[in-house]
Amino acid sequence: MITQDSPWHALALQRTAAELAGPLAVTARMQWTTRPGLGPGADILGPDLRGKRLLELGCGSGHNSAHLATGHGASVTGVDLVGLQVRRARSHYGRLNNLTFVTGHALHYLQASAERFDAIYSVFGAVGLIAPEALLPVIAAHLRPGRMLAFSVPHARRCGRSPCADDRPRRAFVALADRTRLPISRCEFDTDRLEKHLRTAGFWLISAQELHNSRLDPWPTTLLIRARKL
Ligand SMILES: C[S@@+](CC[C@H](N)C(=O)[O-])C[C@H]1O[C@@H](n2cnc3c(N)ncnc32)[C@H](O)[C@@H]1O
């Protein structure tokens, strides 16, 4: 298992220092990438999310969870490893109904929960940071058959890189606002390798979208995966 508490804590610290705490307006759209408006919206999680139970793994400051709870009427839990991120999320969106933020490791949260969800998702969050052979079967156990897992990860070929050559994670970085780069491990897999892990865990790959803004990014920057629980 990969744990990387301190780089993520450093990220939360810098973001907390740069932003005002307090209520924020809920975003009008689900964001799967760091480029606002790029890619699909929340519809890839299911056709009608009203009243559905959703879980976000690595929710950060909670913008997408808040959007899904308010804009789509879903009942959302956002989990993040770093307590400071959860404090930020609560200060921005704690006033909203049907929205809960919890501090915890995604894997440990799932292992301790008996709940089954209608969709589980992650936006540059815990999926990709935890070994798939550990995380994906546990996610599958918490999804009803036919329901969706969707996650975006940094594209393995961004900036001219190549995907991991085997099932091991590799060294990557968390980039902070002050330009410091803190090392983490990340599973930067191509779609074929991800599909193999998804199939082994009991998922059917629905789509793998390579996203980038063609004006700003010469490479694909985000891989967005949709998979259905068998
Ligand atoms: C790049 S940020 C993305 C945050 C958010 N999803 C967004 O789009 O703004 C990654 C987040 O994943 C969280 N994280 C990292 N490892 C995790 C783990 N094992 N379990 C839960 N959250 C984790 C970090 O604390 C951080 O808030």
Query raised in the report: Can you give the alpha-carbon Rg of the chain over 2.2 N^0.38 Å, where N counts its residues?
Result: 0.95
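Is it possible to state the helix-based mean residue ellipticity at 222 nm for the chain, with each DSSP H run of 4+ residues giving -39500 (n - 2.57), the sum divided by total residues, to the nearest 500 deg cm²/dmol? What is it?
-8000 deg cm²/dmol, from helical runs alone.
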Report task. Find the Rg to Rh ratio for the stretch 117-166, where Rh is the Kirkwood radius over alpha-carbon pairs and Rg uses the same atoms. Result -> 1.04
Requested in this report: Can you run the Rg to Rh ratio on the stretch 81-181? Use alpha carbon positions and the Kirkwood inverse-distance Rh.
Outcome: 0.99
Query raised in the report: Roughly how many Å² is the accessible area per residue of the stretch 88-175, as a whole number, for a 1.4 Å probe?
Result: 42
Report summary line: Per its Cα gyration tensor (rounded if a/c is under 1.5, else prolate when a/b beats b/c, else oblate), the stretch 28-73 is best filed as oblate
Query raised in the report: Expressed as a whole percentage, what fraction of the accessible surface of the stretch 39-154 belongs to carbon and sulfur atoms when a 1.4 Å probe is rolled over the protein heavy atoms?
Result: 52
Report task. Would you mind listing how long the stretch 110-230 runs along its three principal axes, going by Cα atoms, in whole Å with the largest first? Result -> 41, 28, 26
Query - Taking the chain and dividing mean pair separation by its residue count, relative contact order in percent (alpha carbons under 8 Å, at least six apart) - result: 20
Query raised in the report: So what's the gap between the Cα centers of the stretch 44-109 and the stretch 155-230, to the nearest angstrom?
Result: 22
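The values are calculated or read from the model by the stated rules, or taken from the named source; none is laboratory data. Not measured: the values here are computed from a predicted model. The area values use the complete protein model at the heavy-atom level, side chains included, leaving out ligands, DNA and RNA. Shrake-Rupley method; radii C 1.70, N 1.55, O 1.52, S 1.80 Å.
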